[in-house]
1. Of all residues in region 212-242, which are touching a strand residue (DSSP E or B) at 6+ places or on another chain (Cβ under 6 Å), closer than 18 Å to Asp156 by Cβ and part of a loop (DSSP other than H, G, I, E, B)?
2. Tell me, yes or no, whether region 164-173 has at least one residue that is touching a residue at least 12 places away in the same chain (Cβ under 8 Å), under 25 Å from the mean Cα position of the chain (by Cα), more than 22 Å from Pro100 (Cα to Cα) and open to solvent by less than 70 Å² (accessible area, probe 1.4 Å).
3. Only residues that are among the charged types (D, E, K, R) and open to solvent by less than 40 Å² (accessible area, probe 1.4 Å): list them for region 5-21, please.
4. Got a number for residues in region 61-89 being closer than 19 Å to Asp241 by Cα and open to solvent by less than 10 Å² (accessible area, probe 1.4 Å)?
5. Quick check, is Gly62 more than 30 Å from Lys220 (Cα to Cα) and touching a strand residue (DSSP E or B) at 6+ places or on another chain (Cβ under 7 Å)?
6. Residue by residue through region 243-281, note down the ones that are in a loop (DSSP other than H, G, I, E, B) and surrounded by fewer than 20 Cβ atoms within 10 Å (Cβ to Cβ).
7. Go through region 130-139 and count every residue that is within 28 Å of Gly82 (Cα to Cα), without any contact (Cβ under 8 Å) to a residue 40 or more places away in the chain and surrounded by fewer than 19 Cβ atoms within 10 Å (Cβ to Cβ).
8. If you scan region 332-360, which residues turn out to be open to solvent by 10 Å² or more (accessible area, probe 1.4 Å), under 22 Å from the mean Cα position of the chain (by Cα), in contact (Cβ under 8 Å) with a residue 24 or more places away in the chain and over 23 Å from Gly275 (Cα atoms)?
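The values are calculated or read from the model by the stated rules, or taken from the named source; none is laboratory data. For clarity, every value in this text was computed on a predicted model and none was experimentally measured. All Cβ positions, glycine included, derive from the backbone under ideal geometry; neighbour counts span all protein chains shown. Protein only, heavy atoms only, side chains kept; ligands, DNA and RNA dropped before computing areas. Shrake-Rupley method; radii C 1.70, N 1.55, O 1.52, S 1.80 Å.
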Amino acid sequence: MKNINRAIIVVLDSVGIGELPDAEEYGDTGADTLGNMAEELGGLDLPNLEKLGLGKIKDIIGLDSNIKAQGSYGRMAEASVGKDTTTGHWELAGLISKQPFPTYPDGFPDEVIDEFEKEIGKKVLGNKPASGTVIIEELINKHFETGNPIVYTSADSVFQIAAHEEVIPVEELYKMCRKARKILTGKHGVGRVIARPFVGKAGNLERTERRKDFSLKPPKNTLLDNIKEANKEVYSVGKIDDIFANRGITASNHTIDNMESVDAILDFMEKESEGLIFANLVEYDMIYGHRRDVEGYAQALEEFDQRLPEIKDKLNDNDILFITADHGCDPTYEGTDHTREYVPLLVYGNKIKVNNDLNIRDSFADLAATIAELLSVEKPENGESFRNLILEEVK
């Protein structure tokens, strides 16, 4: 057996690669984050992802499908019900969700809001689906007048609480979120409660980096737990710690933008460790996908592509790099929601087969099963390993 000591997963948040067969059930017929962006822009310029085989997974304008890929490539279907961040990442770590997290297109019911208001001793403002930047401008004057928090949701399963830092101090806002998290269980068990502090004046408000997510804990062990229990390291980058409610993580760097996240990945790669580096690059989804900014999305992909050689150069002989995503968020599509799509799978390392087509994997959980086998740790309950399909034969 080949000796693999460490896996690096880089999740390009929302970088889908074409509609899933059940996309119609989610209102996402025709969604294709990478493909539709490439068509609208006349092509994508991603030479380093191209070298790994991105253009061989499916035809994407601007990417060569005839190139000899430097590693293995394919795509993965989502077996879980849903298309949100938590569901996607949990499945990547081996946990398939059979029930979707609840969403609130009409705002939260009285039973939730009444209990929350009782717990915090204040009324709430808002309580409707909204863009965060829009709703804080809409309600800023009432917020200053009353001192009450702004509560809103989105197409995702989230309970968001926004407050100006001079009206409700950040630590008090966090306490409110913890109280909301205790209330939001069972049938109202949203994926995340999110603190959204902001500063500034009306007409010039800005959300701050002190955002904090309070996530549901995974109901069962994931790949992260199994690696940690095997006395190996699990380093998280970006919002991975929030998504897994800090379970199964030995160290984290909670970066908030893509280039900081790449820096953090490189820093963790410097450590002589065995286990997993699990990183989320959030800006594709948060900044560009939901806001339907096609040019910004493509530029952000180019920025990562330009830094990909740094990650490849830092790989040890016993490292494997996996690049994937957690769902789609097609910036050319109608609305502002995520889109139900396949996600790309690019695998690279010294011991990985080159120009090797993995075709379509039935679940994101296949990634977790593969890494568990590579690292010789307990396999999560879901997923089928493709370890034997990617490793070069011992000669």
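1. Listed by number, the residues that qualify are Gly238, Lys239.
2. So far as region 164-173 goes, yes, one or more of its residues are touching a residue at least 12 places away in the same chain (Cβ under 8 Å), under 25 Å from the mean Cα position of the chain (by Cα), more than 22 Å from Pro100 (Cα to Cα) and open to solvent by less than 70 Å² (accessible area, probe 1.4 Å).
3. Matches in region 5-21: Arg6, Asp13.
4. 5
5. no
6. Once the filter is applied, which keeps residues that are in a loop (DSSP other than H, G, I, E, B) and surrounded by fewer than 20 Cβ atoms within 10 Å (Cβ to Cβ), region 243-281 yields Ala245, Asn246, Arg247, Thr250, His254, Ile256, Asp257, Lys271, Glu272, Ser273, Glu274.
7. Summing the residues that are within 28 Å of Gly82 (Cα to Cα), without any contact (Cβ under 8 Å) to a residue 40 or more places away in the chain and surrounded by fewer than 19 Cβ atoms within 10 Å (Cβ to Cβ) in region 130-139 gives 1.
8. Once the filter is applied, which keeps residues that are open to solvent by 10 Å² or more (accessible area, probe 1.4 Å), under 22 Å from the mean Cα position of the chain (by Cα), in contact (Cβ under 8 Å) with a residue 24 or more places away in the chain and over 23 Å from Gly275 (Cα atoms), region 332-360 yields Thr332, Tyr333, Gly335, Thr336, Asp337, Tyr342, Ile360.
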